[in-house]
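The block underneath contains the structure these notes are about, expressed in structure tokens.
The values are calculated or read from the model by the stated rules, or taken from the named source; none is laboratory data. Keep in mind that what you see is a predicted model, and the values were worked out from it rather than measured. All Cβ positions, glycine included, derive from the backbone under ideal geometry; neighbour counts span all protein chains shown.
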Amino acid sequence: MSEAHRRPLAGALAPVREALRHALAGALAIAVALWLGAFSLAQASSERVALPALERTAAALTQLDALVELHAQTLQEAADSGATALLPPGFPIRDAAVPARAVVRDGRVDLALLRDTLRRNAARLLYERGADAFTPPDGDGGLRSTGLLRALLRMAGSGTHELALALSWLLGAVAATLAAALLAVTPGPRRLRALGRALLGAAAIVFAAALVARAALALGSADEGDTLFAEALAIAQGLLTLPLRDALWVALAGAALTLPAARGERLIRS
């Protein structure tokens, strides 16, 4: 095809290419935002993050501190009688029982150590089993009092972690493919700016979603005496800092690509 024929064809295809670039940039922003969500969920449900949150959840659900103080004498009598495992009466996660030899010091039950060990054991069981850790399952854990705690138990579990990891890998591959396609259809000087803008768009989506979620939680109504809801709210608010932090890093990466590219384009035009 001669040069005279190529120019009109290129001019006719220019709007199509521009539309394709915009479509790819938008799809990339959405894919990166979804990847950020899956990655943040994988972080929130990892043992390093989830277990401390579940320790707080277990203590709030079971009123562990009050139970240990209330039954201190009963626990001491059980240890004196040779019991191999200690568990406060009424504690609903029975498999969290602590070996007596681990918390008895000079013939006395170390109540602080017992509380800490019970909290860790309960958190581990909640991480692995969810609401089924309660005996009977979901029977005495207080989960009926707030759907927020139920949601936290579902989210901060090992099953959720595995699913979130798989999704993050899949969405990461999709985002990488879209990024490669965007770079391929964008003229050289504009490539980095197009990629940076897509990253900034993804960060803006995640920022907006996380802030809306935090605002919705803050507006949640609860009685002043509803300590369960207040504790669940504090845990959820803390976990929502993860997507905000991750989105900040993506926004910084987007800005690092966009600003130098825009400056370079201005220099080329001048």
*Which condition breaks for Ile93 when tested against (1) surrounded by 20 or more Cβ atoms within 10 Å (Cβ to Cβ); (2) farther than 15 Å from Leu61 by Cα?*
(2)
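Quick one: is Thr117 modelled with pLDDT under 80 and either surrounded by 13 or more Cβ atoms within 10 Å (Cβ to Cβ) or within 20 Å of Ala42 (Cα to Cα) (or both)?
Working: modelled with pLDDT under 80: no; either surrounded by 13 or more Cβ atoms within 10 Å (Cβ to Cβ) or within 20 Å of Ala42 (Cα to Cα) (or both): yes.
When the stated conditions are applied, Thr117 does not pass them.
Report yes if Leu167 is buried (at least 16 other Cβ atoms within 10 Å of the Cβ) and either more than 15 Å from Gly26 (Cα to Cα) or not assigned by TED's automatic domain parsing to the domain that holds Leu36 (or both), otherwise no.
On the way: buried (at least 16 other Cβ atoms within 10 Å of the Cβ): yes; either more than 15 Å from Gly26 (Cα to Cα) or not assigned by TED's automatic domain parsing to the domain that holds Leu36 (or both): yes.
Criteria met by Leu167.
Within region 77-101, track down each residue that is of a type outside the set (D, E, K, R), over 37 Å from the mean Cα position of the chain (by Cα) and part of a helix (DSSP H, G or I).
Within region 77-101, the first condition is being of a type outside the set (D, E, K, R), and the residues that meet it are 78-79, 81-93, 96-100.
Now narrow it down to the ones that are over 37 Å from the mean Cα position of the chain (by Cα): 78-79, 81-84.
Result: Ala78, Ala79.
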*Yes/no for Gln63 being at positive phi and over 16 Å from the mean Cα position of the chain (by Cα)*: yes
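In region 143-160, is there at least one residue being out of contact with any Cys (no Cβ under 6 Å at 6 or more places or on another chain), at pLDDT 80 or above, farther than 30 Å from Ala66 by Cα and surrounded by fewer than 13 Cβ atoms within 10 Å (Cβ to Cβ)?
At the first step, the residues of region 143-160 found to be out of contact with any Cys (no Cβ under 6 Å at 6 or more places or on another chain) are 143-160.
Adding the requirement that they be at pLDDT 80 or above leaves 157-160.
If we keep only those that are farther than 30 Å from Ala66 by Cα as well, we get 159-160.
Applying the additional criterion that residues be surrounded by fewer than 13 Cβ atoms within 10 Å (Cβ to Cβ) yields none.
No, there is no match, as no residue in region 143-160 is out of contact with any Cys (no Cβ under 6 Å at 6 or more places or on another chain), at pLDDT 80 or above, farther than 30 Å from Ala66 by Cα and surrounded by fewer than 13 Cβ atoms within 10 Å (Cβ to Cβ).
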*How many residues, within region 53-76, are polar (S, T, N, Q) and not in a helix (DSSP H, G or I)?*
1
